[in-house]
Amino acid sequence: MASVPVMQSGWSQPVTSPAFGGDHALVPLRPLVSLVAPAYNEAAILEPNLSLLCEHMARLEDEFRWEIVVVNDGSRDRTAQLADAFAQRVPQVRVVHHLHNSGLGQALRTGFEHSQGDYVVTLDLDLSYSPEHIETLVRRMQQTGAQVVVASPYMPGGKVSNVPTFRRLLSVWANRFLSLADKGEISTLTGMVRAYDRNFVDSLHPRSMGMDINPEILHKAKLLNERVDEVPAHLHWRTPPVTAQPQAPSPTAVKPPRRKSSMKILRHTWSIFFYGFLFRPVMFFFVPSLLFLGLGLYSASWAAIHSWTAYQVLIAAVPPVLDPTVAVATAYQQAPHTFIIGGVLLMLGVQLFSLAVLAVQSKYYFEELFYLGTSIHRSNRQASR
């Protein structure tokens, strides 16, 4: 991530004040909150929603300074023009443009680079999470010292409304799966509405280009032993405003936009499984290995029972046959599937268990290298200041 100017919270430089007899006094600075809002084809909602955000942040100016960084991610409608016009009217709003649509991951990286806040809050421009969540996220970060605070509709106290059933089910089960892989510490890992500490943002190097940047950031936060909190949130999909239509619309009149998800289902599903694997790779190998080993031992026990039964018959014959291998061959002829299934399951179980051991070893090495690399990067940044 490129270096950006950072305005630190705390105290400003000494200033001379007549109230203190001309002595130098330290004047406290209000923390700066940066709102990062990616935008792609949001012309229908951009102006009213930006106005709502500005009105809400203006009510918090006694406690926070604020800025809004709008990242126009290669929109093909009038998003760019409307955002630039809005920024000219409101000095706290800045717009950064992508020439082409690059995905949510790149939009967030651009927003991080161009924001200067002590706290960086990422949010959807459609305001599916109301502006009131901003204050809740920042206050939790101030109270607990967390590096990341997640707005979570799936934790106790959270709520989801007006979301299409299919989209809601996908989101619920995706987050349950990731939460299981994350040992249940966080309930919502795919949501974008979060607050980040500036130092954490500066040391972060996300690689994802799409929506999988959200679990990636939490994964890397856990690797660095950073504190991640979540607060109950209300996810409510809003209906886009409908522009007034003439009384006699032409046959070619454009219908008002409908609220829809931009999620690519298959790609996002794959990314969910991938990050579930990164969170806990042993889960993908160790649990199946136990299942295969259990079934394999069950089949092997029946193979042993069949062999023992055949051996009892052979030793009772006249003349008796005392070679146990003959009993095993006889049992195999009678029930070959028992031997084949048991052998295959045991082999798979041993192989999966070995892969689980290797996965744990690889994860440990990766965590060590990632932690070391990030520590070096942070040390270099501090030394350059």
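The values are calculated or read from the model by the stated rules, or taken from the named source; none is laboratory data. None of these values were measured; they are calculated from a predicted model. Positions of Cβ are generated from backbone atoms using ideal geometry, with glycine treated the same way; all protein chains shown enter the neighbour counts.
Taking T16 and the conditions (1) closer than 19 Å to I134 by Cβ; (2) at pLDDT below 90, which numbered condition does it fall short on, given that it satisfies the others?
(1)
How many residues, within the stretch 98-148, are assigned to a helix (DSSP H, G or I) and among the hydrophobic types (A, V, I, L, M, F, W, C)?
8
Given the conditions (1) of a type in the set (A, V, I, L, M, F, W, C); (2) part of a strand (DSSP E or B); (3) modelled with pLDDT under 90, and given that M7 satisfies all but one, which numbered condition is not satisfied?
(2)
Check S171, S179 and return the single one that is outside any loop (DSSP other than H, G, I, E, B) and under 18 Å from L278 (Cβ atoms).
Being outside any loop (DSSP other than H, G, I, E, B) and under 18 Å from L278 (Cβ atoms) holds for just one of S171, S179, which is S179.
Any residue in the stretch 311-322 that is modelled with pLDDT of 80 or more sitting within a Cβ distance under 6 Å of a residue that is exposed (fewer than 10 other Cβ atoms within 10 Å of the Cβ)? List the pairs, counting only those 6 or more apart or interchain.
Close Cβ pairs satisfying both conditions: none exist.
Which residue pairs have Cβ atoms closer than 8 Å, lie 6 or more positions apart in sequence or on different chains, and pair a first residue in the stretch 104-122 that is modelled with pLDDT under 90 with a second residue that is of a type in the set (S, T, Y)?
none
So which residues in the stretch 305-342 are assigned to a loop (DSSP other than H, G, I, E, B), β-branched (V, I, T) and loosely packed, with under 11 Cβ neighbours inside 10 Å?
Within the stretch 305-342, just V318 meets the criteria.
Select from the stretch 184-234 the residues that are assigned to a helix (DSSP H, G or I) and hydrophobic (A, V, I, L, M, F, W, C) and write down the one among them that is nearest to Q147 (Cα to Cα).
By that ranking, first place goes to F200.
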